[in-house]
Structure formats: C-alpha cells, structure tokens
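Worksheet: one structure, shown below.
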Amino acid sequence: MSRILDAVHQSPFQPWLRAGRIVAACAACSLALPVHADTTPVTLLDPALQVTTALGSGITQPTGIAFLEDADNYLLLEKASGQVKRVLNGVLQPAPVLDLAVNSASERGLLGIALDRDFPATPFVYLFWTQSQSGVDSTAISDVPLLGNRVDRFVWTGSTLTFDRNLIRLRARQTDNVLVPGQTGGANSSENGNHNGGVIRTGPDGKVYVFMGDQGRRGWTQNLANGPFTRAPFVDDTFGGPSIDTAHLSGVVLRLNDDGTAPTDNPFFAAGASVGGDVGANVQKIFSYGHRNGFGMAFDPISGALWLSENADDAYSEMNRVPPGMNGGWVQFAGPIGRIRDWRTIETTRFNQSLQQVRYPPTRAAYTPAAAASRLLMLPGAFYKDPELSWRYEIGPSGLAFVSTDALGPANSGTLWFGSARSFGQVGGTGGNLYRLRLTASRDALDLSADPRLADKVADNLFRSQKFDGTESETLVIGRGFGVTAAIEQGPDGNLYVVSLSDSRIYRISAAAP
C-alpha cells in the first residue's frame, strides 16, 4: 500500500486525486450481438398503444435509425456490413448510401448515428463505427487499429453520405491477454472486442455527445489513480496509462463541437488547459466519466438533461441522469454507493466473480460507502451522484428515447422508454422487454410511486437471485418480445421506432385505433 501512496504523491496530478463529495442524490452486461431472433411474440401491455412492423425485411443486424424528412424517409445502420441504408417513401432502397469497412467482432461494428441539430440546413451526419485494419469487413478479433473506434462527420448530399472529417479516434484493441512488462501476472485469457459504447447524440445545445464504454480499461476514468496494479510499473496495459492519454480515454461521455474540438464551457476544460498536452486535451473533452458500458443515451426534450443507461457486470444495472462533471463511480462500485457491500458480495461470490479485467478483481473493492467515496478520483469540479434507478442483478438495459409529443396519448408525453440488450430467447426473464419510465414534475428524477417497492430506487430481484430477473420491475414493463433493442427513436410522426438487432426489424409503436 505504501508504494501506491508514494506513486500518487509523486504524481504531477496529485491535486486531482482527492475524495469526492457525495451530493444529495446519494442515499445511505453487455449487448448481445449475434443474430438471435426473439422466441416470444411482440406484445404491448398498454391497450391504448399498438405495435406494427415498419420494416421487416432487407436488413440484417440494424443498430440505428435517423429520420431525414418524414417518418417514411430515414437512414438505417447495419452492424456487421458497415452499410448505411436508406428507406425512401417507406421502401428500402437497393443500394446503400455508404459502405464502411468495419470490424464487427463482439460488440464492434457500425454502432451509432446522429444528425446535426440544424439538419438539413447543416447537412452533417455523425457516425460511430469500428474500423477494420485490413480494409474489408471483418470479424477477426485482432483486425482493428489500436484507435479503431471512430466518430466521423459525413455530408448528406441528398442521395449519399460523403466523408468530411474525423472528429475523434478512440480505443478499440483490447490486448489484455498480453502480460505487462514488469508484472508477473494478471493477463486475460483472450482479446476482447466489447464495451465500445457507441451511442452518439446531438444535444439541444448543438454539441455532439459520444458515449464511449470502458473498454476494459482500468485507469483514471475508472477511478484508479495508479491503474490496476498494486506495484510498479503503475500502468494500465501494454499501451500505457493509467492517465487519460488517447489510448485510455474510455468510460466517458464526451462533449464535442461539430469539428471534434472541445467546447470551452465543458466541465473540465480549465483543468485540462492547466495540464496541457495529450492528457489535458482529452480531459477538456470529457462531460462525465466513471461509467462502465451501455447502449442508451437520450436528452429530455423538456429539461434538456442527459440520461444514460448503464449495464452491470453482474450487479446493479443503472439508469442515470447525467449532469456535467458527474463521476459515475465505476470501477469502485456500481449502483447506489450505499449498496456497495451488497454489490461487492455479488461480484465476489456469484456468476463469473470478476469485472472482465482480471487485473483488477472485485475483491479489491471497498466494504463501506465512506471508503468507496475516498477512493474516487475526482477531477477539479467533479462530483458523484447515485443512479436514479438501479437493478440489483443485471437486466441489460439498452436503447433509450424520450417521447416529446402527445402522439401516443397525453399519458405518454414526456415518458422515457428503453429496451433490452438480450432477447428472451437468450436469457428468458427480462430478455426482449421494453420499459416505460415516468419522470417527476421537476424532471430531475423518476416517478416510481406506482410501486412502493421502488421507493429505495432499487429493483431488488428478491425472489430469484439471478441476472435478468424482473422482480420489482413489473410496473415498468410496457412490452415484450422486442429482442435486442439497439436503438429507439421518436419519428417525425410522433410514433416510436424500435430497432431490433436480433429480429432484423424496425417496429413502430403508435396510438391504437379508436
């Protein structure tokens, strides 16, 4: 332990390595990407709503949708082909508008799309995708550059997408099966290709928001000042770290200008400027950090607040409202900080008993909230807040969207919907579920009053101690059988469009006929 403290004290960034304050909100799984259609019928549980198929053929493993004009004209992403396809007047066009050479191993591929806030006056389209090193579509786990996750800006010409510029390159290669020089152990059994995040949104402020998963990294943005090792060299992996260099910018929400530069009003812009160099430039781009991985990000159309869904390893999936400067607490814990002992117990005694990266096992986690808080690495101005809702065991939350109009009836206006990262055919239980959440009048929390068991903001899964159990989530479920829900978007017609990766379909949710 003394070596760890000595390393911290010798760091030029020592002022950042302080315990974080816990704000008032603190109370005392990754997306399955192989094609696996759901095995239970698509059903909505609200009789005021109906579900139909907007597109049922011609696409494979869709991951995203963006509406160009009206609800019959939109762009679609395919994860493994790297193609952006167009639906025109309700008809899927035979030729793609763009074809990228992607690596789609595990959770990689063509993952996210967003239109410029002023589209079509400003015809920019932003894509998050994983580049193939070989230049052809590939599923080989090692066929990616180190910085193979890209966010690129394209120009919509009216019929094609033309490359304009790269905004940022992010980590893709996970060679954690390679021993770190100077360390005697702690190598994963194989390379991984998961935890890329991949969600991209344009905010009400016109900025580009990118959710980058933790990539299995164990450094500053995972609240480890000295990385995963207990003795020197204090690095993250064979590519360096644990500081926030370009190869270790992960587990973050980034906020960028439309050219990839950092907005000067970002929460850590001044802190990054004081450091300078590669690390400082990366710090300036961070909106929030301390996140694990997830596939859902959306802005509240009423308050403008950012909401994010996060997958658990085994314990405590999260639904978060994310203010600028938030530190989400990972890898020190997941879920409410007051539940850390339970989180630690589950992660050390159940399921795979690891946190993916074997260099930092859950047995090193703190036992008490105070100890966990003292371990958080707080950038200047950072703070921690509890999730707005957690699930004791992983339920695999996925695509996320708000309803901003009365098109689905006044009762649904302002609600928050999200899907599942596993199909029912894969895991049973909550697999393939669709959920509807209501917010309080202040829009800063979830209204969970329909079920008194959720007063503690945790669905405890008390009756079956296993992942994907839905106990205490019954009042939140609005649909079943939607498979792996990669994305949900509200169309210009006010209806919700559910992108099912596993079913290779686009479902439409609309008001039921009178």
Original post:
How many of the residues making up region 297-313 are surrounded by fewer than 23 Cβ atoms within 10 Å (Cβ to Cβ) and polar (S, T, N, Q)?
Top reply: 1
Original post:
Has region 206-220 got at least one residue that is surrounded by fewer than 17 Cβ atoms within 10 Å (Cβ to Cβ), acidic (Asp, Glu) and either under 23 Å from residue 279 (Cβ atoms) or under 24 Å from the mean Cα position of the chain (by Cα) (or both)?
Top reply: no
Original post:
So, in region 437-469, of the ones that are surrounded by 21 or more Cβ atoms within 10 Å (Cβ to Cβ) and over 23 Å from residue 297 (Cβ atoms), which residue ends up nearest to the chain's Cα centre (by Cα)?
Top reply: 469
Subject >> Lone qualifier among 185, 213 - being out of contact with any Pro (no Cβ under 8 Å at 6 or more places or on another chain) and at pLDDT 95 or above >> reply: 213
**OP:** Can you confirm whether region 441-457 contains a residue that is on the phi > 0 side of the Ramachandran plot, modelled with pLDDT of 95 or more and in contact with a helix residue (DSSP H, G or I) (Cβ under 6 Å, 6 or more places away or on another chain)?
**Re:** no
**OP:** Select from region 60-72 the residues that are closer than 22 Å to residue 420 by Cα and either buried (at least 20 other Cβ atoms within 10 Å of the Cβ) or small (Gly, Ala, Ser) (or both) and list them in ascending order.
**Re:** 61, 62, 63, 64, 65, 66
Subject >> residue 430 vs. criteria at pLDDT below 95, β-branched (Val, Ile, Thr), surrounded by 20 or more Cβ atoms within 10 Å (Cβ to Cβ) and under 20 Å from the mean Cα position of the chain (by Cα) >> reply: yes
Original post:
Can you tell me how many residues in region 401-426 are more than 14 Å from residue 485 (Cα to Cα), among the hydrophobic types (A, V, I, L, M, F, W, C) and in contact with a Ser or Thr (Cβ under 9 Å, 6 or more places away or on another chain)?
Top reply: 4
Subject >> Residue count for region 146-171, restricted to those that are over 13 Å from residue 123 (Cα atoms) and touching a strand residue (DSSP E or B) at 6+ places or on another chain (Cβ under 6 Å) >> reply: 12
**OP:** Restricting attention to strands (runs of 3 or more DSSP E) lying wholly within region 355-428, give those where 3 or more residues are out of contact with any Leu (no Cβ under 9 Å at 6 or more places or on another chain).
**Re:** 389-393
Original post:
Going by the conditions given, is residue 176 part of a loop (DSSP other than H, G, I, E, B), in contact with a strand residue (DSSP E or B) (Cβ under 9 Å, 6 or more places away or on another chain) and within 30 Å of residue 92 (Cβ to Cβ)?
Top reply: no
Original post:
Of all residues in region 408-423, how many are surrounded by fewer than 19 Cβ atoms within 10 Å (Cβ to Cβ) and over 19 Å from residue 297 (Cα atoms)?
Top reply: 3
Original post:
Of these, 350, 344, 321, which one is surrounded by fewer than 24 Cβ atoms within 10 Å (Cβ to Cβ), in contact with a strand residue (DSSP E or B) (Cβ under 9 Å, 6 or more places away or on another chain) and modelled with pLDDT under 95?
Top reply: 350
**OP:** Would you point out which residue out of 250, 288 is surrounded by 24 or more Cβ atoms within 10 Å (Cβ to Cβ), within 17 Å of the chain's Cα centre (by Cα), hydroxyl-bearing (Ser, Thr, Tyr) and not in a loop (DSSP other than H, G, I, E, B)?
**Re:** 288
**OP:** Inspect all residues belonging to region 440-452 and state whether any of them is under 30 Å from residue 91 (Cα atoms), not hydroxyl-bearing (Ser, Thr, Tyr) and not in a loop (DSSP other than H, G, I, E, B).
**Re:** no
Original post:
From the list 279, 283, which residue is part of a helix (DSSP H, G or I) and under 20 Å from residue 199 (Cα atoms)?
Top reply: 283
Subject >> Checklist (1) surrounded by 22 or more Cβ atoms within 10 Å (Cβ to Cβ); (2) closer than 30 Å to residue 269 by Cβ; (3) charged (D, E, K, R) applied to residue 375, failing item >> reply: (1)
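The values are calculated or read from the model by the stated rules, or taken from the named source; none is laboratory data. Because the structure is predicted, anything quoted here is derived from the model rather than measured. Note that each Cβ is placed from the backbone with ideal geometry, even for glycine, and that neighbours are counted across all protein chains shown.
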